[in-house]
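What follows is a set of notes on a single structure, which appears directly below.
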Amino acid sequence: AQSVTQLGSHVSVSEGALVLLRCNYSSSVPPYLFWYVQYPNQGLQLLLKYTTGATLVKGINGFEAEFKKSETSFHLTKPSAHMSDAAEYFCAVRANTNAGKSTFGDGTTLTVKP
Amino acid sequence: DTGVSQNPRHKITKRGQNVTFRCDPISEHNRLYWYRQTLGQGPEFLTYFQNEAQLEKSRLLSDRFSAERPKGSFSTLEIQRTEQGDSAMYLCASSLAGGPNQPQHFGDGTRLSIL
């Protein structure tokens, strides 16, 4: 079984500041990890994914995440926040024994202040 | 790539009525997923298909819920005898087969409101 915990349901940063959204996972088998962004009344858009190989993953819109097995974490960062980054962000895990479902965290709402 | 399309975008109905939602996946994707999302929570898995075969169903999918993908293309999700607790956003996603590294592409969802 897999689970995801996103620490902090709301994060607020100033424009130009570092964005850090936290995600910890639990999985009995090697995980596949994903970050998605959701704007109001829209579906989820993939930001980046970790499958195997390099632990630092770069995604779209300047976001990146680092897989740390020892800490069971997959935190999302962006060096400089932009107003357009304001949205809800979801971390998800899929086990390589089950190609079907993704298990999502409860999300973190990012607010960017001018 | 026209993306995943869901219809209708919004559905308002009275408790006890039946509703049906449709999902058209990306054309070359043979996997199709249904999720439910309530306010303040992440999407919860309901079921998924590979081609026309329904391969997994969540315990969340009570016997009032049924999903079909008759020709391996579009899918429908029907809820019978709707209840207040069914109010949620219903999301459809599709992907290529080939393992969990294949990302899921999501539609914009159908928001269901039960009066």
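The values are calculated or read from the model by the stated rules, or taken from the named source; none is laboratory data. Keep in mind that this is a model prediction, so the values were computed, not measured. Don't worry about glycine lacking a Cβ; one is built from the backbone with ideal geometry, like all the others, and counts go over all protein chains shown.
Just name the residue that is nearest to B:Pro103 (Cα to Cα) out of those in the range A:1-34 that are in contact with a Lys or Arg (Cβ under 8 Å, 6 or more places away or on another chain) and within 11 Å of chain B (Cβ to nearest Cβ).
Once the filter is applied, the top-ranked residue is A:Phe34.
Need a quick list: strands (runs of 3 or more DSSP E) entirely within the range B:20-115 having at least 2 residues that are at the interface with another protein chain (Cβ under 10 Å from one of its Cβ atoms) and either over 22 Å from A:Pro40 (Cα atoms) or without any contact (Cβ under 8 Å) to a residue 12 or more places away in the chain (or both).
B:44-50, B:53-57
So for the range A:68-75 (the condition being in contact (Cβ under 8 Å) with a residue 24 or more places away in the chain, farther than 20 Å from A:Thr5 by Cα and surrounded by 15 or more Cβ atoms within 10 Å (Cβ to Cβ)), does at least one residue qualify?
Looking for residues that are in contact (Cβ under 8 Å) with a residue 24 or more places away in the chain, farther than 20 Å from A:Thr5 by Cα and surrounded by 15 or more Cβ atoms within 10 Å (Cβ to Cβ), one finds none in the range A:68-75, hence no.
Could you pull out the residue among A:Ser80, A:Ser102, A:Ser84 that is at the interface with another protein chain (Cβ under 8 Å from one of its Cβ atoms) and among the hydroxyl-bearing types (Ser, Thr, Tyr)?
The match here is A:Ser102.
If A:Lys58 meets every condition in (1) without any contact (Cβ under 8 Å) to a residue 12 or more places away in the chain; (2) within 14 Å of chain B (Cβ to nearest Cβ) apart from one, which number is that one?
Going through the list (1) without any contact (Cβ under 8 Å) to a residue 12 or more places away in the chain; (2) within 14 Å of chain B (Cβ to nearest Cβ), A:Lys58 breaks only (2).
Would you be able to say whether some residue in the range A:79-87 is under 24 Å from B:Trp34 (Cα atoms), in a strand (DSSP E or B) and free of Cβ contacts under 8 Å to residues at least 60 places away in the same chain?
Yes, the range A:79-87 contains a residue that is under 24 Å from B:Trp34 (Cα atoms), in a strand (DSSP E or B) and free of Cβ contacts under 8 Å to residues at least 60 places away in the same chain.
Hey, among the residues in the range A:35-51 that are polar (S, T, N, Q) and either in contact with a Pro (Cβ under 6 Å, 6 or more places away or on another chain) or facing chain B (nearest Cβ under 8 Å) (or both), which one's farthest from A:Ser73 (Cα to Cα)?
Filtering the range A:35-51 for residues that are polar (S, T, N, Q) and either in contact with a Pro (Cβ under 6 Å, 6 or more places away or on another chain) or facing chain B (nearest Cβ under 8 Å) (or both), the one farthest from A:Ser73 (Cα to Cα) comes out as A:Asn41.
Look through the range A:79-98, keep the residues that are over 11 Å from A:Pro30 (Cα atoms) and within 11 Å of the chain's Cα centre (by Cα), and return whichever of them is surrounded by the fewest Cβ atoms within 10 Å (Cβ to Cβ).
A:Glu88
Considering only strands (runs of 3 or more DSSP E) fully contained in the range A:1-49, which possess at least 1 residues that are modelled with pLDDT under 90?
Answer list for the range A:1-49: A:2-5, A:24-27, A:31-38.
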